[in-house]
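Notes to accompany the following structure.
The values are calculated or read from the model by the stated rules, or taken from the named source; none is laboratory data. Values in this document were obtained by computation on a predicted structure and should not be read as measured data. Cβ coordinates were reconstructed from backbone atoms using ideal geometry, including for glycine residues, and neighbour counts include every protein chain displayed.
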Amino acid sequence: MPRVPLWRYALAGLVGVASTASAQNRPGSAYHVPTTTRPTPAWYDDAKLGIFIHWGAYSVPAWAPPLTPADVATFDWSHAMENNPYAEWYLNTMKFPDSPTGRHHAATWGRNFDYTNFFRTFDQESRRWNPDQWARLFRRTGARYVVLTTKHHDGFLLWPSRQVNPNRPADLQHTTRDIVGELTAAVRRNGMRMGLYYSGGLDWSFNPARIDDVPSMRKTIPNTEAYGRYADQHWRELIERYQPSILWNDIGYPSTGQPAAIVRDFYARTPDGVVNNRWGNDLGDYLTPEFQNVPDVPPHKWESCRGIGFSFGYNAAEQAENMLTSAQLIEMFVDIVARNGNLLLDLGPRPDGSIPELQLERLNALGDWLQVNGDGIFGTRPWRQPTGTTVDGLPIRYTRKGRTLFAFLMSPAGASVVLPDLRGLEFSRVRQLGSRRPLRFAKTETGLSVTLTPAASGYPLGLAIETTGEP
């Protein structure tokens, strides 16, 4: 597959623009922009990269109709449920008997094979999982925090909860291992923060009705008193037992629950904690567009969440052509950071906890790149120019830290580059990230001309531009 610069997919949804109709109809997209005046904790603003993990019973069938980048421009998310590319939605998608997933389920497992049988298989397979291997991998990749799905829409828990689900037998409620606790401990041993995802709005053990399209999805949120108490007690149990730094709720919340009280008590207990904006009300510290970017540089903090492919849960049908290349992943990450965002990059492990090779390859590439260029990413803030063009029409992204301006050439090629839009600045030194050797530079009428040594090619290239004043 020929490498196409990621930024060229922007309007097609690979990076995406939050205002496009298709993007707004994704399951995780129609949420308010936070209006909070609470300052973003510095650790979260500095972190830039988190790892999202979708791992559960849906990792056993591990199937959804795969998308390619070319499919994204025409994919209709408003009526996507019959062809849902998210493997973690398998239980809902298999309810369409003539859908690709319905036919796959019948051919692979049998038309009458009950989804809850996957719970036992996952519980058995997950006993082979090594949480410390995950944590070391995430740290080497450059992640500063991790968010784990503690309960997805199928209602199966990854921790031994004290709360009893009245709709499921005792042996079909949660894993035998305390996966949440074991991963939390491993993540903290490796110097990262831990966040917990919980599907507050959807639980198909309380409301098994098939969801036919995205617009009607929120009508299926269980709003009974029993489910409101159940979700509240789960969140309070997770906070008390594991003391997360991030609360990551999804698909709204039951009207009978008390999310405002949960968030208030969380802030009191964890003053530097953060809360996402998917509670269905005015709660939240940051925006969470899904498989999308935002235009310009918004004043509020935001976080883009997406998989390396087009599913969050492991989809065995996805191959290299259904995923970002390593270069596209890095380009996307730089673009997000330059726009005041964090990237919450999702992994879909196999049931035994192993990371699929194509995902692992891209994590290693990102980690290698950050070893060289991380100084221009971590702890930085966006600069006033979100975009720019080089002499050959390729994008530039800027970040800053103190008196240093960082310029990232998104698709570098050649021996020299002209950085525009730098009028009025005074420069004392320019170097390529990962090197102490100064580069030759000269001021131009509109900016700065830099001679690269050696000529640049391949992944985004970072330059550190030292100025004589605050840029």
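Just to be sure, is residue 358 more than 30 Å from residue 469 (Cβ to Cβ) and modelled with pLDDT of 90 or more?
So residue 358 fits the description; yes.
What residue, of 329, 283, is at pLDDT 95 or above, out of contact with any Gly (no Cβ under 6 Å at 6 or more places or on another chain), in the same structural domain as residue 227 (by TED's automatic domain parsing) and not charged (D, E, K, R)? Lay out the reasoning, then the answer.
Details: 283 fails: at pLDDT 95 or above.
It is 329.
Condition first: of a type in the set (Lys, Arg), buried (at least 21 other Cβ atoms within 10 Å of the Cβ) and in the same structural domain as residue 100 (by TED's automatic domain parsing). Can you find one or more residues in segment 297-309 that meet it?
yes
Provide a single number: the residues in segment 221-238 that are crowded, with 18+ Cβ neighbours inside 10 Å and closer than 17 Å to residue 159 by Cβ.
Total satisfying the criteria: 6.
Taking residue 48 and the conditions (1) in contact with a strand residue (DSSP E or B) (Cβ under 6 Å, 6 or more places away or on another chain); (2) under 28 Å from residue 218 (Cα atoms); (3) at pLDDT 95 or above, which numbered condition does it fall short on, given that it satisfies the others?
For residue 48, the exception is condition (2).
For segment 307-317, indicate whether the set of residues that are within 17 Å of the chain's Cα centre (by Cα), farther than 30 Å from residue 100 by Cβ and assigned to a strand (DSSP E or B) is non-empty.
No.
Here's a check for you: in segment 331-388, which residue that is assigned to a loop (DSSP other than H, G, I, E, B) and of a type in the set (A, V, I, L, M) is surrounded by the fewest Cβ atoms within 10 Å (Cβ to Cβ)?
The residue in question is 355.
Hey, among 118, 75, which residue is in a helix (DSSP H, G or I), assigned by TED's automatic domain parsing to the domain that holds residue 312 and either under 30 Å from residue 328 (Cβ atoms) or aromatic (Phe, Trp, Tyr) (or both)?
When all the criteria are applied, what remains is 118.
In segment 166-220, how many residues are part of a helix (DSSP H, G or I), basic (Lys, Arg) and loosely packed, with under 15 Cβ neighbours inside 10 Å? Working first, answer last.
Within segment 166-220, the subset part of a helix (DSSP H, G or I) is 170-172, 179-189, 217-220.
Remaining after also requiring basic (Lys, Arg): 188-189, 218-219.
Narrowing further to those that are loosely packed, with under 15 Cβ neighbours inside 10 Å: 189, 219.
Final tally of qualifying residues: 2.
Each row is one residue, and each column tells you yes or no for (1) in contact with a helix residue (DSSP H, G or I) (Cβ under 6 Å, 6 or more places away or on another chain); (2) closer than 26 Å to residue 220 by Cβ; (3) among the charged types (D, E, K, R).
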site	(1), (2), (3)
65	yes, yes, no
70	no, no, no
76	no, yes, yes
80	no, yes, no
86	no, yes, no
99	yes, yes, no
105	no, yes, no
132	yes, no, yes
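Search segment 239-285 for residues being surrounded by fewer than 18 Cβ atoms within 10 Å (Cβ to Cβ) and among the aliphatic types (A, V, I, L, M), and hand back the single one that is farthest from residue 201 (Cα to Cα).
Of everything passing the filter in segment 239-285, 268 is farthest from residue 201 (Cα to Cα).
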